[in-house]
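Take a look at the structure set out below.
The values are calculated or read from the model by the stated rules, or taken from the named source; none is laboratory data. These numbers were taken from a predicted model, which means no experiment stands behind them. All Cβ positions, even for glycine, are placed from backbone atoms using ideal geometry, and neighbour counts span all protein chains on display. Accessible surface is based on the protein model in full, side chains and every heavy atom, while ligands, DNA and RNA are left aside. Shrake-Rupley method; radii C 1.70, N 1.55, O 1.52, S 1.80 Å.
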Amino acid sequence: MDGHSLLLDSGTHPKKDGKESLPEFGLVTKAPEAVIISHAHIDHCGSVPYLVKQFPLARIYATVPTVRIMDRMLHNSVAVMETLARERGIADYPLYTHDDVHYAMRSIRGFDLGVPFGVNMPIPVKATFHHAGHVLGSASTLLRLPGHTVFYTADICETDQELMGGFRPLDKSVKIDTLIVESTRGATEEHRIKVYSEEIARLSKAVKQVLDQGGAVLIPCFALGRTQEVLNVLARLQEEGRIPTVPIYASGLGRAMYEIYEKYGEYLRPDAMLRSLDSFDRIGNVYDPRKVDELLSHPCIIVATSGMMIENTPSAMIAREMVQQPQHGIFFVGYLDHETLGYKLLHAEPGDLLAFTLRGEPVERKLTNIERFDFSSHAPRQALKDLVERIQPKNVVFVHGDPDAVDWMLANAPGARNSFAPRIGETLTLES
Ligand SMILES: [Zn+2]
Ligand SMILES: [Zn+2]
């Protein structure tokens, strides 16, 4: 913009390691003066400390809860990277240290939803965060630049979840020149979209069946968003008498995020019933197999990170013991990348050998009750199409999806004069 730059999100690639996981910072030839972070999932904020090391003068903006969550997430990332450096010998790791996170956090300012603020640029740019409905603190951003208005959806969910209220569309009077919209579910066909209440009914049946036969249930979950949603779904199902009242356990990072959910209840649905974190028990040391066996010796439900069951995380350490016994159930509730242990476990045959730790011996899968449930916190493609049609921007830019998802959106979402699905490194000229 007139020789000035602003960056929208600065994540790391969840499927790549080391410097490969960073954005192509080589393309950023001019230091960004301002950076807007939409929410605290690692694919949106994971490279912020690295970015701040390269461009120390950049000022960063996020919603107030996102700032709090990022602090926890980024320190956790340092710990994960240190483990990977040690266990897998990834030389680039850690990409940043705890000190770098402290330093980066000093450059971040938090704003509430709906409050316009000026960003650190010599040209007048006003930004406003809008409720995105994805996870606590997640925001779409309206940017008013001189002569051009941009709306960046980031990750959005248009329907209500257990705790989060759905994305609220912009007021019709706001004219958008450029809409930048996510495409996560662009390749998911409509008939494969599950009805939320039906998926919950299916999950509750599956959980009840395992508990009734004396087994334990493991639900691997992302720490931010899915963990808090699922814990409250389970508590509700117990209150409604649909599943037995057994202890529900939650793992560490998910608990840390939960505390921030408790602090910022005003960001949730007005009628959300957020149970106290004390209603959920602590898991204890998952790296001691005897402790895990103790945990599994009575019927219970365990909600543990990571959602895709990355090796060495609590969900993998617990699953390692569980799969050797036939009475339990492991229920995935989110996206599973094909390369991950979670995906391999879901598709393994009984008797297959799988390694749950980075360096440990593989174990045999005896457990058969492993299923996946669909609780996406991303808008389906029809809702994204409707959004483009309602806003009628001059330019629409589809981002944040696998190539087939982004391409589907480009081919099937009319409503803008110019549509783009840029590849990395491509420059777009936007009509004003
Ligand atoms: Zn996200
Ligand atoms: Zn995302």
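Give me Rg over Rh for the range 79-137, both radii from the alpha carbons and Rh done the Kirkwood way, two decimal places.
Details: Rg = 17.5 Å, Rh = 14.9 Å.
Ratio of gyration radius to Kirkwood radius: 1.18.
May I ask for the Rg/Rh ratio of the chain, computed from Cα atoms with Rh as the Kirkwood radius, given to two decimals? Show your work: numbers first, answer last.
Working: Rg = 21.9 Å, Rh = 22.6 Å.
Here Rg/Rh amounts to 0.97.
Suppose R0 equals 30 Å. What FRET efficiency, 1/(1 + (r/R0)^6) with r the Cβ-Cβ distance, do ALA31 and GLU361 give to the nearest 0.05?
On the way: r = 49 Å, r/R0 = 1.62.
Efficiency computed from Cβ-Cβ geometry: 0.05.
Please report the net charge: other residues with Cβ closer than 13 Å to the Cβ of GLY165, K and R +1, D and E -1. Spell out each step's value before the answer.
Working: positive: ARG168, ARG269; negative: GLU158, ASP160, GLU162, GLU229, GLU266, ASP271.
Net local charge, GLY165 excluded: -4.
Of the GluC sites (Glu not before Pro) in the range 1-51, which ones lie in a loop per DSSP and count no more than 10 other C-beta atoms within 10 Å? Please list the in-between numbers first.
Numbers: sites: GLU20, GLU24, GLU33; in loops: GLU24, GLU33.
Answer in residue order: GLU24.
Whole percent per 5 Å bin, from 0 to the bin with the longest distance: what is P(r) over all C-alpha pairs of the range 312-423?
All Cα pairs considered, the percentages come to 2, 10, 17, 16, 11, 7, 9, 9, 9, 6, 4, 0.
At a probe size of 1.4 Å, how large is the accessible area of LEU296, to the nearest 10 Å²?
My reading of the accessible area for LEU296 is about 10 Å².
Could you work out how far the C-alpha centroid of the range 405-430 sits from that of the range 38-61, in angstrom?
Cα centres, the range 405-430 to the range 38-61: 25 Å.
Treating only the Cβ atoms of Lys and Arg (+1) and Asp and Glu (-1) as charged, compute the dipole magnitude of the range 305-368 about its Cα centre; round to the nearest 20 debye.
Details: 5 positive and 8 negative charges, 25 e Å.
Dipole magnitude for the range 305-368 comes out near 120 debye.
R0 = 51 Å: FRET efficiency of ARG88 with LYS175, Cβ-based, nearest 0.05?
Values: r = 50 Å, r/R0 = 0.98.
Efficiency, from the Cβ-Cβ distance: 0.55.
Would you grab the residues whose amide H sits under 5 Å from the one on ILE302? Only those 5+ places off in sequence or on another chain, please, with H modelled 1.01 Å from N.
VAL217, LEU218, ILE219, TYR249
Under 11 Å from the Cβ of LYS53, count the other residues' Cβ atoms, weight Lys and Arg +1, Asp and Glu -1, and hand me the total. Walk me through the numbers before you get to the answer.
Values: positive: none; negative: ASP99, ASP100.
Within the 11 Å Cβ shell, the charges total -2.
Report, in listed order, any pair from LYS194/LYS263; LYS15/LYS53; LYS16/LYS291; LYS172/LYS394 with a Cα-Cα distance greater than 21 Å.
On the way: LYS194/LYS263 31 Å; LYS15/LYS53 23 Å; LYS16/LYS291 32 Å; LYS172/LYS394 15 Å.
The pairs that break the limit, which is 21 Å between Cα atoms, are LYS194/LYS263; LYS15/LYS53; LYS16/LYS291.
Provide the gained length on full extension for the span LEU428 to ASP402, in nm with one decimal, where the gain is 0.36 nm per separating residue minus the Cα-Cα distance. Don't skip to the end; give the middle numbers.
Values: separation 26, 0.36 × 26 = 9.36 nm, distance 1.95 nm.
Full-extension gain reported as 7.4 nm.
Just grab the label-to-label distance for GLU294 and LYS344, each label 7 Å out from Cα along the Cβ direction, in nm (one decimal).
Spacing of the two 7 Å Cα→Cβ label points: 3.0 nm.
Any idea of VAL64's accessible area? Nearest 10 Å², probe 1.4 Å.
That residue has around 40 Å² of solvent-accessible surface.
Using θ = phi - 60° and the Karplus curve 6.51 cos²θ - 1.76 cosθ + 1.60, what whole-Hz ³J(HN,Hα) does each residue of the range 142-149 get, with Gly and Pro shown as x?
Running phi through 6.51 cos²θ - 1.76 cosθ + 1.60 with θ = phi - 60° gives 9, 10, 9, 9, x, x, 7, 10 Hz.
Restricting to Cα pairs below 8 Å that are 6+ residues apart, what does the relative contact order work out to for the range 5-144? Please round to a whole percent.
Working: 257 pairs, mean separation 33.3, N = 140.
It comes to 24 percent, rounded to a whole number.
Taking the Cα centre of the chain as origin, sum charge times position over the Cβ atoms of Lys and Arg (+1) and Asp and Glu (-1), and report the length of that vector in debye to the nearest 20. Mind showing how you got there, number by number?
Numbers: 45 positive and 55 negative charges, 122 e Å.
About 580 debye.
Can you list residues from other chains, or at least 5 along the same chain, whose modelled amide H is less than 5 Å from the amide H of VAL396?
Long-range HN contacts for VAL396: LEU179, ASN418, SER419, PHE420.
Which number comes out as Rg/Rh for the range 219-358 once both Rg and the Kirkwood Rh are worked out on C-alpha atoms?
Details: Rg = 15.2 Å, Rh = 15.7 Å.
Over the Cα atoms of the range 219-358, Rg/Rh equals 0.97.
Suppose we look only past 16 Å in the calculated P(r) of the range 118-242. What percent of the Cα-Cα pairs does that tail hold? All intermediate terms of the calculation are to be shown ahead of the outcome.
Working: 5592 of 7750 pairs.
Distances greater than 16 Å cover 72 percent of the Cα pairs.
Over the chain, what is the relative contact order in whole percent, taking alpha-carbon pairs under 8 Å and six or more residues apart? Can you show the working numbers first?
Details: 892 pairs, mean separation 63.7, N = 432.
Dividing the mean separation by the residue count of the chain yields 15 percent.
Out of residues 5 or more away from THR149 or on other chains, whose amide H comes under 5 Å of its own, with H placed 1.01 Å from N in the peptide plane?
ASP177, THR178
What full-extension length gain, to one decimal in nm, is calculated for VAL115 and LYS19 as 0.36 nm per residue of separation minus the Cα-Cα distance?
Working: separation 96, 0.36 × 96 = 34.56 nm, distance 3.58 nm.
Separation in residues times 0.36 nm, less the Cα-Cα distance, equals 31.0 nm.
Which of PRO49, PHE111, GLY284 sits farthest toward the positive end of the charge dipole of the chain, with +1 on the Cβ of Lys and Arg and -1 on the Cβ of Asp and Glu?
Value: PHE111.
Taking 0.36 nm per intervening residue step and subtracting the Cα-Cα distance, what contour gain separates ARG236 from LYS208 on full extension? It would help to have the intermediate numbers written out before the result.
Working: separation 28, 0.36 × 28 = 10.08 nm, distance 1.36 nm.
Result: 8.7 nm gained on full extension.
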